[in-house]
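Colleague: So that we are looking at the same thing, I have put the structure below in structure tokens.
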Amino acid sequence: MLLRKPSKADIVLLAFLAVTAVFVVIAIEPYWTKIIKQQWYVYTDPGRIRLGEKLYLTYCQDCHGHKASGQFPEKPKGGLDELGKQVAPALDGTGHSFHHPLNVWHRQIKKGSRLKNSRMKSWERRMSQYEIESVVAYIQSLWPEELLDQYQKMMVERNILPPQAKR
Ligand code: HEC
């Protein structure tokens, strides 16, 4: 709290700081947008995909099924089982989850589900960011070519991915 009335010098200083802050934000904006936009990327590196497959088989397959085809083939979008628990959806593109940007995929895996009746837990203590990205790389390697194209188009349209992005 200022105990005295702000002097002219205080006001000039504040105005100067405000203008400087605006300039700094304008100056760095292209860089951070670029970084954020490149955060998603389909990793096609075979070593990463193999690591992702190993992790998937160990941690995820029990619920999400063989080759991410879902807990119940007849319920690729998830839903509820007969006990009222969430069904693990397909992650191979037949469910609906594929349209999320990559940061959402990573967050869902890191944090798990907020729903009480869901068995999808948080994986951030068990897996590093690199491992989580690798699991997603494995899952994306199961998507058919058209789906990857559709995903890329969607991300460009939603301004998440720059138009020149290539896998
Ligand atoms: C014990 C069962 C179980 C295991 C193990 C499990 N999941 Fe899940 N997962 C679920 C369920 C159930 C849901 C649906 C959650 C909800 O809607 O609340 C889900 C949801 C998800 C979603 C969000 C899908 C969407 O449509 O939004 C992703 C991504 C996901 N899981 C990835 C993984 C990965 C990767 C692993 C392995 C590291 C894994 N899960 C392990 C049960 C599981």
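No value in this document is a laboratory result; all are computed from the given coordinates. A quick note: this is a predicted structure, and the numbers were derived from the prediction, not measured. Note that each Cβ is placed from the backbone with ideal geometry, even for glycine, and that neighbours are counted across all protein chains shown.
Colleague: Step by step: first the residues of region 128-165, then only those that are within 15 Å of the ligand (Cβ to nearest atom) and over 15 Å from the mean Cα position of the chain (by Cα), then the one that is farthest from Cys60 (Cα to Cα). Which residue is that?
Modeller: Among residues in region 128-165 that are within 15 Å of the ligand (Cβ to nearest atom) and over 15 Å from the mean Cα position of the chain (by Cα), the one farthest from Cys60 (Cα to Cα) is Leu147.
Colleague: Taking region 58-110, which residues are more than 9 Å from the ligand (Cβ to nearest atom), crowded, with 19+ Cβ neighbours inside 10 Å and of a type in the set (A, V, I, L, M)?
Modeller: Across region 58-110, the qualifying residue is only Leu102.
Colleague: Scan region 113-127 and tell me whether some residue there is of a type outside the set (D, E, K, R), closer than 22 Å to Thr44 by Cβ, touching a Lys or Arg at 6+ places or on another chain (Cβ under 7 Å) and more than 8 Å from the ligand (Cβ to nearest atom). Please lay out each step first, then the result.
Modeller: Here is the first cut: in region 113-127, the ones of a type outside the set (D, E, K, R) are 113, 115, 117-118, 120, 122-123, 127.
If we keep only those that are closer than 22 Å to Thr44 by Cβ too, we end up with 127.
With the extra rule that they be touching a Lys or Arg at 6+ places or on another chain (Cβ under 7 Å), the set shrinks to none.
No: region 113-127 contains no residue that is of a type outside the set (D, E, K, R), closer than 22 Å to Thr44 by Cβ, touching a Lys or Arg at 6+ places or on another chain (Cβ under 7 Å) and more than 8 Å from the ligand (Cβ to nearest atom).
Colleague: Okay, next question. Name, by its number, the condition in (1) near the ligand (Cβ under 9 Å from one of its atoms); (2) within 24 Å of Asp149 (Cβ to Cβ) that does not hold for Arg48.
Modeller: (1)
Colleague: May I pose another question? Got a sec? Which helices (runs of 4 or more DSSP H) wholly within region 71-167 have at least 1 residues that are among the acidic types (Asp, Glu)?
Modeller: Values: elements: 102-111, 129-141, 145-157.
Counting at least 1 such residues, we get 129-141, 145-157.
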